[in-house]
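What follows draws every value from the coordinates through simple rules; no lab data is involved. Predicted model, so just to flag it, every value in this text is computed and none were measured. Neighbour counts run over all protein chains shown; Cβ positions are idealised from the backbone, glycine included.
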Amino acid sequence: MLSEKIVTLFSNDALKRFTILEAYAELKRQGTFSVFLSFIDPRTDCLVEGNFQFYPNPVKTYSNMGVCYLTEHLGLTLKIPSSMEWWATHEKSTFHNQDITYLKEGEYVKATIKLEIGSRIRVPNAFEVAPSM
């Protein structure tokens, strides 16, 4: 198909382009991946940014993101889209408003954070090389 969407995955020493189905398979093979996230932690009003680790196990959430990958930062659950179509079409970092709940002085507090999601999926291991004939 000419209009097949492509997802680029990055390792420490290479990048490789995959179709959407191949990208899902590669993430499963790798077992983990990371994405750059940036946000203001509402508990401390401090900027948090860095590569956060995710596992290729999408979770259905009851938020505006639907099915997504989850990670956490000191007890805050953070979500990124699990749709490889989303990753194929976003070439720049994007911002998502994300509703979160955290414990403060014995009570649950709701807050909305502006989560910057980097557009690069980084995998920890080298890509497999197809045997040459």
Please name which of 62, 115, 75 has its Cα lying farthest along the dipole of the range 6-122 towards the positive end, using unit charges on Cβ (Lys, Arg +1; Asp, Glu -1) and the Cα centre as origin. 62
Could you compute the FRET efficiency for residue 70 and residue 125, with r as their C-beta to C-beta distance and R0 at 30 Å, rounded to 0.05? 0.90
Degrees separating the helix 20-30 axis from the principal Cα axis of the chain, which is the longest one: 80 degrees
In the range 37-133, the GluC sites (Glu not before Pro) that fall in loop regions by DSSP, at most 10 other Cβ within 10 Å: 91, 105, 128
Ratio Rg/Rh [Cα only; Rh per Kirkwood] for the chain: 1.02
Dipole magnitude of the chain about its Cα centre, charges +1 at Lys/Arg Cβ and -1 at Asp/Glu Cβ only, in debye to the nearest 20? 200 debye
